[in-house]
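What follows is a short report on a single structure.
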Amino acid sequence: MTAAPPTIALQTMQRARRARGGVAARIVVPLVVIGIFVVAAIVVPIVYHYDPLHAELLVRLKPPGTAMPDGSTAFLGTDQIGSDLFAEMMDGARISLLVGAATIVVAGVIGVLLGMLAGYFGGWLDMVLMRIADIQLAFPSILLAILIASVLGQGVLNVVIVLSIANWVVFARVARSQVLTLKNREYVEAARTLGAGHAHLIFRTLLPGCIAPILVIATVEFGQVILAEAALSFLGVGMPLGTPSLGSTISNGTQYLATAWWISTLPGIALLILVLATGVLGDALRDRFDPKLRSA
Amino acid sequence: MTMTRAAATAPASDSAALLSVRDLKVEFSTSAGVVRALDGVSFDVHEGETLAILGESGSGKSVTAQAIMALLPKPTGSIVSGEILYGGRDLAWEPVRRVRELCATEIAMIFQDPLSSLNPVFRIGYQVAEPFRRRLGMSKKEAWAKALELLKRVGIPDAEHRIRDYPHQFSGGQRQRIMIAMAIALDPRLLIADEPTTALDVTVQKQIMGLLADLQAETGMAMVLISHDLGVVAEVAERVAIMYAGRIVETGATRDVYDFPAHPYTRGLLDSIPSEASMGERLTPIDGSPPNLLALPSGCPFHPRCPFAIEVCRAAVPPLRTPDGWEPGHLAACHRSEEVLPHG
Amino acid sequence: MLGYVIRRVLLAVFVLWGVATVVFVIVRMVPADPALLIAGDTATPEQLAALRHLMGLDQPLIVQYGQYLGQALTGNFGVSYTQGVPAMQLIGQVLPNTALLAVLACALALVVSFPLGLLAALRVNRFGDRAVTTGSLVAQALPGFWIGVVLLLIFSRTLKWLPSIGLSEPSNLVLPVITLALPFIAILTRMTRSGLLEVVGEGYVNTARAKGLPERTVIFPHAVRNALIPIVTVVGLEFGTLLGGAVVTETVFSFPGIGKLLVSSIQTRDYSVAQACVVVIAACFVVINLVVDLLYAYLDPRVRLAK
């Protein structure tokens, strides 16, 4: 009697175990990376006494590793007004994280609320909401953001408003579709027959079932909002002069590409790492919450 | 190896077996652990006969069919040991490509849910003609003509026009007929039907079973009918094999097994069927619940639910054997078959 | 199918109307006075009033809206404040360039994504899949403007292989097309992969195998033809992102397209041009989506044959 090498099943088991461990790693590592960014964004500018408006023209456009007059080393170089690039990047990261978080909260709350109401009540509320969403989605979101930003002007608050307007639709759609799926499940029916009113049904019964997909979307959108803010600042319609932003730093650096390539390049790497972390995290959360998309 | 081959082809019954499964073991690796879906399954199918494989969900009946046709989901499922002998070859250990050559031409299969088993974006004519075009190299015209013949033979009304329709435009019963047409296209010697009527209404079930019986009479092909419904297969199958927890627990001629069950599980199944005679009385289900394949009980897997269980049942796996003094074709895997029989 | 087509077309028209209205509202919210912008600080109040009258700014808002819609239908978006020519004329000069850029980027994305997505689906969770999925994640995290700058730095300034700005020769197109295509490639690859994976689990794939068809035939056409349906939908949706990306890419490479025109018109407060740009871009997007919707109906017989 012939027998299969016992390793076939064993190999697959090992792969499954690695995949499970992999998902956990893909949640923890990005969180750690984002955490490091948060800490660095708060601490570094303070430690370096970073002031976006202060110019130290003697040490402008110095390459990474240059020794500074006060004894420290500008290990990522200096920008066109002599500020330490590392401190500038971290201050810009602070704005990115702030704008990202604020936008997600605002767009998320509004979007989820409207989406749940539309899905729950249906009827004309749903139709109106869907038509508005259709119209809004006809604008590439950068376009909408540029247009509104040019009207409102620059500034943190305005950028948050602009990006919230551009992004609430995603949350609304996810929440709405989730509510539509769950609306007719037995446990909702059961709650209804027990006399639960609309508010209770929406917030206590349906909302918990929507959390998972919303969380996945929120994570991914967080990264996309950060990219959008950087793009707006790059184009000149985001952060004003006194407020640092990774986007405007890169934009300022384009004039010095030949002489000081680090000004445009390094902040982009920081952006890339941060956004990549959110992307990996979002993917891992999706794997964790939706096991049928995962393989055994 | 030659010895086993010889043993396999020296049959216990009269005619040589068309398909011979010997001690087949199949495992699945899941995120919860390794599941032994088939634990030493053995049976024969002879030319022209119909064997019904019966069992609950999780008993391993569909896995058996998948293993034969090399359709086990990769990489989770794999054949661990055993033999699947057909035409002098052992399909369990041949490369998948070679086994697939036998599919449709020698061994064909139809599935449980005809809606998801037919490709929604291709016309049914295309799908039924496909075996002729791809396997036999026929021209499109010839293949579609053959497909039309087949569709008429399985009883699709207005076949000339409906051949250009899509699967979603047919009823469930018609879709199953289309699947049957696709399966018998190349005149296979063995048809495996995996729960062909489970997704259908009762009246349609009878029609489909009737169609299968007619086709079998016409072509002389053998059939393996997989089901959980003892009643549906009763009239069509000559022999049955009852599966439980990945093993065959009883097998024999249909009438023998139904009238004289030699295994407590079979007895329990037969007793639990509501009949006219028992109207007004309580139903008698089998105690307990189906086994957890990740953690099978020791010894006989049925012993926790068995009214006949004794000490040895927990200790030793009962072999499939003919109860003392009983007919050679009727086997059961129970230490106490002799006591079970008189009660049947 | 006819009902579907009519409904889609009506929806598209409705959305176009909505787009034009939204743009009208937003632009009217600008605090600056267009008349002042054109005439300059030295204009007298009478001159400003006359100019306002000429531009129709002294009419009630509703009337302005009506005029705006009527003019929009004929493609008249007013005159550029900075250049004195009709806005549509400026757009007409640059739109073909952007169209070329978008089409090339789309083509590049389709050509690259499909094989990559197929590879990833066929080698699920093994090395090929991991490499492709990781690559896609990274590509999606790339800031479009930054990668454009980096490519510019490497291939144009340092290696001097390719020109950097403008559109004087075909090699000008290489870097902008690659920059624009990257996020699209990432998304399309992932959608192809997940679309194929979903389809491969379906029953009819098993049936195809049971018919003894070679694996190649099981994939083409059985699996792929079904996977195309959601993929086509995604292409349509993401095309909008492509157009948005064009705005940034054109700025980085000083590419004479509608995106650059939009940005510069905003910077110079030339609102009639800005307005026209936005409406035209959005209109393109709506039309593309309509085409994609119709294509989707053609591909899926369940939709095509529904009443």
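Looking at (1) part of a helix (DSSP H, G or I); (2) at pLDDT below 80; (3) not aromatic (Phe, Trp, Tyr), can you tell me which one residue C:59 breaks?
(1)
How about region B:212-254: which of its residues are closer than 20 Å to residue B:69 by Cβ and in a strand (DSSP E or B)?
Within region B:212-254, B:222, B:223, B:224, B:225, B:226, B:227, B:241, B:243, B:248 qualify.
Tell me which residues, restricted to region C:211-234, are not in a loop (DSSP other than H, G, I, E, B) and not β-branched (Val, Ile, Thr).
Our first condition is that a residue be not in a loop (DSSP other than H, G, I, E, B); within region C:211-234, this holds for C:215-234.
Selection gives C:215, C:216, C:220, C:221, C:222, C:223, C:225, C:226, C:227, C:228, C:230.
Pick out, from region A:47-152, the helices (runs of 4 or more DSSP H) lying fully within it that include 2 or more residues that are out of contact with any strand residue (DSSP E or B) (no Cβ under 6 Å at 6 or more places or on another chain), in contact (Cβ under 8 Å) with a residue 24 or more places away in the chain and under 24 Å from residue A:274 (Cβ atoms). Talk me through it step by step, then tell me what you get.
Values: elements: A:85-121, A:123-137, A:141-152.
The helices (runs of 4 or more DSSP H) meeting that bar are A:85-121, A:141-152.
From the list B:96, B:121, B:128, pick out the single residue that is surrounded by fewer than 23 Cβ atoms within 10 Å (Cβ to Cβ), among the β-branched types (Val, Ile, Thr) and under 24 Å from the mean Cα position of the chain (by Cα). Give the derivation first.
Details: B:121 fails: under 24 Å from the mean Cα position of the chain (by Cα); B:128 fails: surrounded by fewer than 23 Cβ atoms within 10 Å (Cβ to Cβ).
One residue alone meets the criteria, B:96.
So residue C:150 passes all but one of these: (1) within 13 Å of chain A (Cβ to nearest Cβ); (2) buried (at least 19 other Cβ atoms within 10 Å of the Cβ); (3) in contact with a Lys or Arg (Cβ under 9 Å, 6 or more places away or on another chain); (4) aliphatic (A, V, I, L, M). Which condition number does it fail?
Condition (3) is where residue C:150 drops out.
Residue C:222 passes all but one of (1) within 26 Å of the chain's Cα centre (by Cα); (2) crowded, with 24+ Cβ neighbours inside 10 Å; which number fails?
(1) is the only condition that residue C:222 fails.
So which of C:262, C:237 ends up being in a helix (DSSP H, G or I) and under 21 Å from residue C:97 (Cβ atoms)? Give the steps one after another, and end with the answer.
Details: C:237 fails: under 21 Å from residue C:97 (Cβ atoms).
Matching residue, one of C:262, C:237: C:262.
Does residue A:172 count as part of a helix (DSSP H, G or I) and either buried (at least 20 other Cβ atoms within 10 Å of the Cβ) or among the basic types (Lys, Arg) (or both)?
Details: part of a helix (DSSP H, G or I): yes; either buried (at least 20 other Cβ atoms within 10 Å of the Cβ) or among the basic types (Lys, Arg) (or both): yes.
In short, yes.
Among the strands (runs of 3 or more DSSP E) confined wholly to region B:14-109, which include 1 or more residues that are within 14 Å of chain C (Cβ to nearest Cβ) and in contact (Cβ under 8 Å) with a residue 40 or more places away in the chain?
Of the strands (runs of 3 or more DSSP E) lying wholly inside region B:14-109, those with at least 1 residues that are within 14 Å of chain C (Cβ to nearest Cβ) and in contact (Cβ under 8 Å) with a residue 40 or more places away in the chain span B:17-30, B:77-86.
When you go through (1) more than 14 Å from chain C (Cβ to nearest Cβ); (2) within 24 Å of residue A:263 (Cβ to Cβ) one by one for residue A:92, which number turns out not to apply?
With respect to (1) more than 14 Å from chain C (Cβ to nearest Cβ); (2) within 24 Å of residue A:263 (Cβ to Cβ), residue A:92 is out only on (1).
Name the single residue, out of those in region B:190-199 being more than 12 Å from chain C (Cβ to nearest Cβ), touching a Phe, Trp or Tyr at 6+ places or on another chain (Cβ under 9 Å) and at negative phi, that is surrounded by the most Cβ atoms within 10 Å (Cβ to Cβ). Spell out how you get there, then give the answer.
Looking only at region B:190-199, we keep the residues that are more than 12 Å from chain C (Cβ to nearest Cβ), and these are B:190, B:195-198.
Retained after the next criterion (residues that are touching a Phe, Trp or Tyr at 6+ places or on another chain (Cβ under 9 Å)): B:190, B:195-196.
Restricting the remaining residues to those that are at negative phi gives B:190, B:196.
Numbers: B:190: 21, B:196: 26.
Among residues in region B:190-199 that are more than 12 Å from chain C (Cβ to nearest Cβ), touching a Phe, Trp or Tyr at 6+ places or on another chain (Cβ under 9 Å) and at negative phi, the one surrounded by the most Cβ atoms within 10 Å (Cβ to Cβ) is B:196.
Give the residues of region B:23-35 that are modelled with pLDDT of 85 or more and crowded, with 20+ Cβ neighbours inside 10 Å, sorted by residue number. Lay out the reasoning, then the answer.
Our first condition is that a residue be modelled with pLDDT of 85 or more; within region B:23-35, this holds for B:23-28, B:35.
Within region B:23-35, B:24, B:25, B:26, B:27, B:28, B:35 qualify.
Pull up region B:155-186, narrow it to residues that are assigned to a loop (DSSP other than H, G, I, E, B) and touching a residue at least 60 places away in the same chain (Cβ under 8 Å), then point me to the one that is surrounded by the fewest Cβ atoms within 10 Å (Cβ to Cβ).
B:186
Quickly run through region A:148-160 and pick out the residues that are touching a helix residue (DSSP H, G or I) at 6+ places or on another chain (Cβ under 7 Å) and surrounded by fewer than 23 Cβ atoms within 10 Å (Cβ to Cβ). Spell out how you get there, then give the answer.
Going through region A:148-160, the residues touching a helix residue (DSSP H, G or I) at 6+ places or on another chain (Cβ under 7 Å) turn out to be A:148-152, A:156, A:158-160.
A:148, A:151, A:152, A:156, A:158, A:160 - these are the residues of region A:148-160 that are touching a helix residue (DSSP H, G or I) at 6+ places or on another chain (Cβ under 7 Å) and surrounded by fewer than 23 Cβ atoms within 10 Å (Cβ to Cβ).
Within region A:175-184, how many residues are in contact (Cβ under 8 Å) with a residue 24 or more places away in the chain and surrounded by fewer than 24 Cβ atoms within 10 Å (Cβ to Cβ)?
Here is the first cut: in region A:175-184, the ones in contact (Cβ under 8 Å) with a residue 24 or more places away in the chain are A:175-180, A:182-183.
Then keep just the ones that are surrounded by fewer than 24 Cβ atoms within 10 Å (Cβ to Cβ); that gives A:177-178, A:180, A:182-183.
Adding up the residues that qualify gives 5.
Residues of region C:265-295 being at the interface with chain A (Cβ under 7 Å from one of its Cβ atoms) and either part of a loop (DSSP other than H, G, I, E, B) or under 13 Å from the mean Cα position of the chain (by Cα) (or both), which ones?
Hits for region C:265-295 are C:278, C:281, C:282, C:285, C:286.
Quick one: is residue B:134 in contact (Cβ under 8 Å) with a residue 40 or more places away in the chain and more than 25 Å from the chain's Cα centre (by Cα)?
Details: in contact (Cβ under 8 Å) with a residue 40 or more places away in the chain: no; more than 25 Å from the chain's Cα centre (by Cα): yes.
No; evaluated as a whole, the condition is false for this residue.
Looking at the structure I just gave you, is residue B:151 surrounded by fewer than 20 Cβ atoms within 10 Å (Cβ to Cβ) and not β-branched (Val, Ile, Thr)? Break it down stepwise before answering.
On the way: surrounded by fewer than 20 Cβ atoms within 10 Å (Cβ to Cβ): no; not β-branched (Val, Ile, Thr): yes.
In short, no.
With (1) farther than 27 Å from residue A:228 by Cα; (2) within 11 Å of chain A (Cβ to nearest Cβ); (3) touching a residue at least 40 places away in the same chain (Cβ under 8 Å); (4) in a helix (DSSP H, G or I) as the list, and residue C:198 as the residue in question, which single condition is left unmet?
Residue C:198 satisfies every listed condition except (3).
May I ask you to list the residues in region B:284-338 that are on the phi > 0 side of the Ramachandran plot and touching a Cys at 6+ places or on another chain (Cβ under 7 Å)? Full working, then the answer.
Step one: list which residues in region B:284-338 are on the phi > 0 side of the Ramachandran plot, which gives B:288, B:299, B:325.
Hit for region B:284-338 is B:299, nothing else.
Scan region C:112-138 for residues that are in a helix (DSSP H, G or I), surrounded by fewer than 20 Cβ atoms within 10 Å (Cβ to Cβ) and aliphatic (A, V, I, L, M) and jot them down.
Of everything in region C:112-138, those that are in a helix (DSSP H, G or I), surrounded by fewer than 20 Cβ atoms within 10 Å (Cβ to Cβ) and aliphatic (A, V, I, L, M) turn out to be C:112, C:119, C:122, C:131, C:137, C:138.
Across region C:205-220, which residue is nearest to the other protein chains (Cβ to nearest Cβ) among those that are over 15 Å from residue B:124 (Cβ atoms) and in contact with a Phe, Trp or Tyr (Cβ under 8 Å, 6 or more places away or on another chain)? Don't jump to the end; show me each part of the working.
Within region C:205-220, the subset over 15 Å from residue B:124 (Cβ atoms) is C:205-206, C:209-210, C:212-220.
In the following step, the residues that additionally are in contact with a Phe, Trp or Tyr (Cβ under 8 Å, 6 or more places away or on another chain) were identified as C:206, C:210.
Numbers: C:206: 6, C:210: 4 Å.
Per the criteria, the residue is C:210.
Answer yes or no as to whether residue C:258 is within 23 Å of residue C:12 (Cα to Cα), in contact with a Cys (Cβ under 7 Å, 6 or more places away or on another chain) and buried (at least 23 other Cβ atoms within 10 Å of the Cβ). Quick ask: steps written out before the conclusion?
On the way: within 23 Å of residue C:12 (Cα to Cα): yes; in contact with a Cys (Cβ under 7 Å, 6 or more places away or on another chain): yes; buried (at least 23 other Cβ atoms within 10 Å of the Cβ): yes.
Considered against the rule, which asks whether it is within 23 Å of residue C:12 (Cα to Cα), in contact with a Cys (Cβ under 7 Å, 6 or more places away or on another chain) and buried (at least 23 other Cβ atoms within 10 Å of the Cβ), residue C:258 comes out as yes.
Output the residue which, of all residues in region C:78-99 that are among the β-branched types (Val, Ile, Thr) and surrounded by fewer than 20 Cβ atoms within 10 Å (Cβ to Cβ), is nearest to residue C:270 (Cα to Cα). If you could, list the steps in order and put the result at the bottom.
Filtering region C:78-99 for residues among the β-branched types (Val, Ile, Thr) gives C:79, C:82, C:85, C:91, C:94, C:98.
Next, from what is left, pick out any that are surrounded by fewer than 20 Cβ atoms within 10 Å (Cβ to Cβ): C:79, C:82, C:85.
On the way: C:79: 9, C:82: 6, C:85: 12 Å.
Restricting to residues being among the β-branched types (Val, Ile, Thr) and surrounded by fewer than 20 Cβ atoms within 10 Å (Cβ to Cβ), the top hit is C:82.
When you look at residue A:202, is it out of contact with any strand residue (DSSP E or B) (no Cβ under 8 Å at 6 or more places or on another chain), modelled with pLDDT under 80 and buried (at least 18 other Cβ atoms within 10 Å of the Cβ), yes or no?
Working: out of contact with any strand residue (DSSP E or B) (no Cβ under 8 Å at 6 or more places or on another chain): yes; modelled with pLDDT under 80: yes; buried (at least 18 other Cβ atoms within 10 Å of the Cβ): yes.
Against the criterion (out of contact with any strand residue (DSSP E or B) (no Cβ under 8 Å at 6 or more places or on another chain), modelled with pLDDT under 80 and buried (at least 18 other Cβ atoms within 10 Å of the Cβ)), residue A:202 qualifies.
The values are calculated or read from the model by the stated rules, or taken from the named source; none is laboratory data. The structure displayed is predicted, hence computed values, not measured ones. Cβ atoms come from the backbone with ideal geometry, glycine included; neighbour counts cover every protein chain shown.
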